[in-house]
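K.L.:
Below: one structure in structure tokens.
The values are calculated or read from the model by the stated rules, or taken from the named source; none is laboratory data. Note that the coordinates shown come from a computational prediction; the quantities given were computed from them, not determined experimentally. Neighbour counts are summed over all protein chains in view; Cβ atoms, including those assigned to glycine, are modelled from backbone coordinates with ideal geometry. Calculation scope for accessible area: heavy atoms of the full protein, side chains included, ligands and nucleic acids excluded. Shrake-Rupley method; radii C 1.70, N 1.55, O 1.52, S 1.80 Å.
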Amino acid sequence: MLKSNLWFVSRNADRVLLHRYCIPMSNDQNTVSKPIITMQQLMLRYPTGKVALSGVSLAISQGSFVYLTGESGAGKSTLLRMFYGGLKPSSGQMGVQQWDMRSVSESDVRELRQRTGIIFQDHKLLFSRTVFENVALPLRVQGWDKERLVPRVRKVLGFVGLDDRLWSYPEALSGGEQQRIAIARAMVTNPPIILADEPTGNLDEETARKVLDLLMSLNQSGTTVIMATHDLHLLTSHPGRVVQLHQGSLVGDSYE
Amino acid sequence: MSDRINHVPERIELRLPGGFQLPPFGIHQFLALMIVCVALWALGAVWLGLQGAQQWVGSWQGNLQLHVYLPVEKKDQLGDLKGRLSTIEGVDSVRYINRKEAALWMQNWLGDTSLDVDKFSSQLPESLELTLADERNDFIFSDIRDEAARFGASVNEDEIQLANAHELLQSIRQLVLFVSVILALAMAMIVSNTLRMILLARADEVHLMRLLGAKEWFVRMPFIMEGTLLGGGAALLGWLLLWPLVLGVSSWAGSLGIALSPFTLLLPLLFGGVLVGCLGAMIATAKLISPDSVDS
């Protein structure tokens, strides 16, 4: 463990230096791109006193595919929540897109969320609304006209292979289809970053692979994807950067 | 073809949450509408009753007036009596009404009968008309009676009773105003509780909208609109339901010289209903906290 930590610290020091001198960091060590998320000595302490994250320093490049792994309670979901402004850092530095998350205002958080797609393990679909109404919700929030909604939603649902279910209700769909609807909702506004919190947690292996295929396709079109997961076996078929957390600390950062 | 597939089918009714989109009308809203409607109807009925009572006691007159009658044989004391009555605190002015004027007024009141005014006026006493100030002491009627009795004159006791009834109505009016405010608050709480239930049922929707970066007005507006419409709708319904009541008592009220008009209540009831609904909605949405709220 100590060896692993030392490896990480020396590796991370390079990243900090690169960032400090505004040198774009690499995504996959071969290509060079701008960081979309940066963290230095990030700490989060809940009001109860529990430390959820401690000393996390990390940079995530634009267009990368990052897996956040670790045991339950390691801090994966907490970190994801911090990426969309659900929690503010207690200390340290954190920048997401163009915002400093320690001094971010309410309106900035709203703007950040409009530029972030979020996918949850339990999908958070509205079961009393049709598939169309679920997927169109982010567009409504951003003030799109009703007339423009149908073509856009149909196009996005076509991407996830569900354009024939536009007027169905989510309860009529399988778990995998529901998760694909959640992906469609996350990508409908074409955000630069998609955060996925255990999106394959409730799915069988075959369906999970299909969901991951979709996320990979999105990533190949330039979207940064950060995915918290337990399913390490998916890494063999869908490689990416793996950031490992343990008890709120960063213990590994590798490319699989 | 692409135009056709990119339109919402006719059988589909879009219910996009947030913004200026009203949520669906359900049983909770219907119950709240009925309760607020009954409360507003009851308030409207009380105010109509007060309106009728005020007409009956003649408060529609700008000033409250009282008449003192002096027998003709004591006519020479009329000037002294007028002077004494003028000095009583609470009496604004004293006007002498000659007997011919009194006879003409009476003839008019009786419906232009073929009364011989000269002959009739010779039978009438001398009359003094007292206009009373708004601010009066409790003993003004006793003082007037005492002064009148000293000169052998009499006071129109029916008018004193009406004046007392007028004062009583003023007190009742204050009480009704107080009850109206209390009822308005209660109605606001009913609307608020209804909306809280709806908000609880739609907590996921609210949470999701906030996660998607919706502005607070976008999240709250449907509920504010719903509360406002609930109050306004209840007021309109309550006002319409006043008509059967008014029509039912119209012949009896007519015999007392009272003409009830629900039209005077339309705007106050509508304004009150909208205010109550809006207030209830604002109370309900004041603490609308979701996980991952920006300020959490």
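K.L.:
Residues that are open to solvent by 10 Å² or more (accessible area, probe 1.4 Å), at the interface with chain B (Cβ under 10 Å from one of its Cβ atoms) and among the polar types (S, T, N, Q): find the helices (runs of 4 or more DSSP H) completely inside segment A:55-162 holding 1 or more of those.
P.N.:
Those helices (runs of 4 or more DSSP H) span A:106-114.
K.L.:
Take the conditions out of contact with any Ser or Thr (no Cβ under 6 Å at 6 or more places or on another chain), at pLDDT 90 or above and open to solvent by 50 Å² or more (accessible area, probe 1.4 Å) and apply them to residue B:136. Does it pass?
P.N.:
no
K.L.:
Out of B:200, B:211, B:230, I need the residue that is at pLDDT below 95, among the aliphatic types (A, V, I, L, M) and touching a helix residue (DSSP H, G or I) at 6+ places or on another chain (Cβ under 6 Å). Which one?
P.N.:
B:230
K.L.:
Name the one entry in B:115, B:110, B:104 that is open to solvent by 20 Å² or more (accessible area, probe 1.4 Å), closer than 24 Å to residue B:160 by Cβ and without any contact (Cβ under 8 Å) to a residue 40 or more places away in the chain.
P.N.:
Exactly one residue qualifies, and that residue is B:110.
K.L.:
Looking at A:222, A:176, can you tell me which residue is surrounded by fewer than 21 Cβ atoms within 10 Å (Cβ to Cβ), assigned to a loop (DSSP other than H, G, I, E, B) and either at positive phi or not basic (Lys, Arg) (or both)?
P.N.:
Only one candidate passes the filter, namely A:222.
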